[in-house]
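First the structure, in the form of structure tokens, and then the observations on it.
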Amino acid sequence: MIALQLTDIKTFMNQFLRGEVFDHFLMPEAVITQDVTFTVDGHMKKDYFSGEELEEMGLTNTDVLPYSMLRPTIYQLIRGKKTPLYFKFILMLSPSNMENTLSRSDSGLTLNDVSGMFFQLTFQNGSLVLTTGISYKTFITEKTLDREWDKMAKKFLYKNSIAFEEM
């Protein structure tokens, strides 16, 4: 797990709220505090969709909506003249992207070992921090995957021209 301070908040927020850079991530949770606090639970209610819709959207293997589907709502909650007091966005890899990431790592771990691979974006006191994390299904002392995920996070930020400093 690493924490990276995102240094160009305005550019990042434009990418995050208007661009497609994070659209392939799933978003299990979002919290935005302004004059009130909004909490978004990204766990979908599958009964809302038909089986055909879930298949068309590629959502049969997950219970969490992709950020692309929540982005318009998040944008509407945040946009305005005043900066939120606080926000936290949890983003996680989809099962297929997690499987690809696990196969590229030298960890020897599979989907049976890992519950999720996450980015947490937290804005507080004028600072925006991205923290990486992995949720394991069992206790694991080996940290190869953690190091690989941290490297991949930095590569992702570099590739998408997202400025950051290590903390």
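Annotation note: of 35, 47, 63, the sole residue that is within 30 Å of residue 143 (Cα to Cα) and among the charged types (D, E, K, R) is 63.
Can you give me the number of residues within the stretch 103-118 that are out of contact with any Gly (no Cβ under 8 Å at 6 or more places or on another chain) and closer than 16 Å to residue 156 by Cα? Adding up the residues that qualify gives 2.
Results for (1) in contact (Cβ under 8 Å) with a residue 24 or more places away in the chain; (2) closer than 30 Å to residue 9 by Cα; (3) over 13 Å from the mean Cα position of the chain (by Cα); (4) surrounded by 13 or more Cβ atoms within 10 Å (Cβ to Cβ), shown as yes or no for each residue.
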| position | (1), (2), (3), (4) |
| --- | --- |
| 104 | yes, no, yes, no |
| 112 | yes, no, yes, no |
| 123 | yes, yes, yes, yes |
| 137 | yes, no, yes, no |
| 142 | yes, no, yes, no |
| 148 | yes, yes, yes, yes |
| 156 | no, yes, no, yes |
| 159 | no, yes, yes, no |
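Can you say whether residue 59 is of a type in the set (A, V, I, L, M, F, W, C) and over 28 Å from residue 124 (Cβ atoms), as far as the supplied structure shows? Yes, satisfied. Scanning the stretch 11-53 for residues that are part of a helix (DSSP H, G or I), free of Cβ contacts under 8 Å to residues at least 40 places away in the same chain and either crowded, with 16+ Cβ neighbours inside 10 Å or among the acidic types (Asp, Glu) (or both) returns 47, 52, 53. From the list 90, 74, the lone residue that is surrounded by 14 or more Cβ atoms within 10 Å (Cβ to Cβ), in a helix (DSSP H, G or I) and hydrophobic (A, V, I, L, M, F, W, C) is 74. Exactly one residue out of 39, 33, 60 is at negative phi, among the hydroxyl-bearing types (Ser, Thr, Tyr) and touching a helix residue (DSSP H, G or I) at 6+ places or on another chain (Cβ under 7 Å): that is 60. The set of residues in the stretch 54-69 that are more than 15 Å from the chain's Cα centre (by Cα) and not in a helix (DSSP H, G or I) comprises 57, 58, 59, 60, 61.
Read-outs: derived from the displayed coordinates by stated rules, not from any lab. Since this is a predicted model, take the numbers as computed values, not measurements. Note that each Cβ is placed from the backbone with ideal geometry, even for glycine, and that neighbours are counted across all protein chains shown.
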